1. For Thr289, are the conditions met, namely being surrounded by fewer than 15 Cβ atoms within 10 Å (Cβ to Cβ) and hydroxyl-bearing (Ser, Thr, Tyr)?
2. When residues of segment 271-298 are filtered for being in a loop (DSSP other than H, G, I, E, B) and out of contact with any helix residue (DSSP H, G or I) (no Cβ under 6 Å at 6 or more places or on another chain), how many remain?
3. Filter segment 245-257 down to the residues that are out of contact with any Asp or Glu (no Cβ under 8 Å at 6 or more places or on another chain) and either closer than 16 Å to Thr329 by Cα or in a loop (DSSP other than H, G, I, E, B) (or both), then identify the one that is modelled with the lowest pLDDT.
4. Taking segment 13-41 only, how many residues are hydrophobic (A, V, I, L, M, F, W, C) and more than 24 Å from the chain's Cα centre (by Cα)?
5. Of the residues that make up segment 183-196, is at least one of a type in the set (S, T, N, Q) and either crowded, with 20+ Cβ neighbours inside 10 Å or touching a residue at least 40 places away in the same chain (Cβ under 8 Å) (or both)?
6. Quick one: how many residues across segment 157-204 are more than 21 Å from the chain's Cα centre (by Cα), under 24 Å from Thr279 (Cβ atoms) and outside any loop (DSSP other than H, G, I, E, B)?
7. Please give the number of the condition Thr280 fails out of (1) of a type in the set (Val, Ile, Thr); (2) crowded, with 19+ Cβ neighbours inside 10 Å; (3) over 16 Å from the mean Cα position of the chain (by Cα).
8. So in segment 42-91, with the set limited to residues that are at pLDDT 80 or above and among the hydroxyl-bearing types (Ser, Thr, Tyr), which one is nearest to the chain's Cα centre (by Cα)?
Amino acid sequence: MRSLSTLPTPALRAALKLDIVVIGAGQAGLSSAYHLKKLGLQPGKDFIVLDRAPSPGGAWQYRWPSLTLSTVNRVHDLPGLGFADYAGTDETVRASVAVPHYFAAYEDHFGLEVLRPAAVNVVCDRGERLRVESDRGLFSARAIINATGTWENPYIPTYPGADTFSGQTLHTRDFRSADDFAGKHVLIVGGGISAIQLLDQISQVTQTTWVTRTPPRWREGPFDEEAGRAAVAMVEERVRAGLPPRAVVSVTGLPVTPAVEAMRKRGALERLPMFSEITTAGVRWEDGTELAVDVILWCTGFRSALDHLAPLQLREDSGGIVMTGRLATQVAKDPRVHLVGYGPSASTIGANRAGAAAARELTSFLGLAS
């Protein structure tokens, strides 16, 4: 078998034929590749994994330095190999170091050759096959598992006056350190877990104001498996109906942690409703109230990075994609396409289960199941 590392960087004009192309090597992509191999398919021959990042780790390698193993929600094991075996017990280690190290070890342990960096530009329908065009060559596949996640598609809502703001506008993915904002008034927008984490850090070094579109929903007590299944089921119901997926946290609510309690005590969780427009100096509400700020930090999440699939015309008028299959990974309009890390499988534990389901359903659909 020819090593993927020997494929030339210039685009190949002849398309390499395979059964399945996996796009993305984060949690969902690696889980899919593991299960494809377990089902008897050979990496580099029957399927290939393409990853646009220069090194293993998925979106984890880009997380802010202050996100450590003690502050991250949880890193779930990939199938067949435990995370703790590589992360150790030091919870002060950066997640952006520990998780990529684990992913690299995982790829090596199971021989999941990943071609990187390989950015997929477009996927087109060619009758019985799909044409995958990347900056590392052309690939002809009978089916694809798309695991591109959301990191490449940050979402910032449109507000009047945004182009007139004289301060600094950032998104969660731009954050590096709270110390970067010392002496500045930072407006933090968003009601998700990332917003709370960054609000916590920044409010300890400088003035902050927190705004959300709707009042935050706090979750007291433990979040057990039953509650988790119920939350995922609600997101799954949306994608099966062809509606755009919502973040699982919109269903689960925000956990009340010791850090949150400390924020309450120092007044950092005093929340304001969403403003109506952005001004040169800050923001303005509908009642005319204005607030001058130096930085607007949008913790408004991400959208699925699916632009390369646009030629397949998978979306409905609603903007969503009708999903089917056991775990809602299969696209109803084109059963050759599975989306993992989308909708109910956007969480790390959901990505593992989705990878397994996509691998089994695709190999069965293509007649490859042993």
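The values are calculated or read from the model by the stated rules, or taken from the named source; none is laboratory data. It should be emphasised that the depicted structure is a prediction, and the values quoted were computed from it without experimental measurement. Every residue, glycine among them, receives a Cβ derived from its backbone with ideal geometry; neighbour counts consider all protein chains shown.
1. Numbers: surrounded by fewer than 15 Cβ atoms within 10 Å (Cβ to Cβ): yes; hydroxyl-bearing (Ser, Thr, Tyr): yes.
Taking the combined requirement at face value, the residue satisfies it.
2. Going through segment 271-298, the residues in a loop (DSSP other than H, G, I, E, B) turn out to be 274-276, 279-281, 285-289, 293-294.
Then drop every residue that is not out of contact with any helix residue (DSSP H, G or I) (no Cβ under 6 Å at 6 or more places or on another chain), which leaves 274-276, 279, 281, 285-289, 293-294.
Qualifying residue count, segment 271-298: 12.
3. First, pick out the residues of segment 245-257 that are out of contact with any Asp or Glu (no Cβ under 8 Å at 6 or more places or on another chain): 245-255, 257.
Narrowing the set further to residues that are either closer than 16 Å to Thr329 by Cα or in a loop (DSSP other than H, G, I, E, B) (or both) leaves 245-248, 253, 257.
Numbers: Pro245: 85, Arg246: 76, Ala247: 68, Val248: 63, Gly253: 79, Thr257: 87.
Going through the qualifying residues, I end up with Val248.
4. Filtering segment 13-41 for residues hydrophobic (A, V, I, L, M, F, W, C) gives 14-16, 18, 20-23, 25, 28, 30, 33, 36, 39, 41.
After this cut, where a residue has to be more than 24 Å from the chain's Cα centre (by Cα) as well, the list is 14-16, 18, 39, 41.
Selection size over segment 13-41: 6.
5. Step one: of segment 183-196, the residues of a type in the set (S, T, N, Q) are 194.
Filter once more, keeping what is either crowded, with 20+ Cβ neighbours inside 10 Å or touching a residue at least 40 places away in the same chain (Cβ under 8 Å) (or both): 194.
Yes, segment 183-196 has at least one match.
6. So the answer is 11.
7. (2)
8. Within segment 42-91, the subset at pLDDT 80 or above is 42-69, 77-84.
If we keep only those that are among the hydroxyl-bearing types (Ser, Thr, Tyr) as well, we get 55, 62, 66, 68.
Working: Ser55: 17, Tyr62: 12, Ser66: 19, Thr68: 18 Å.
It comes out as Tyr62.
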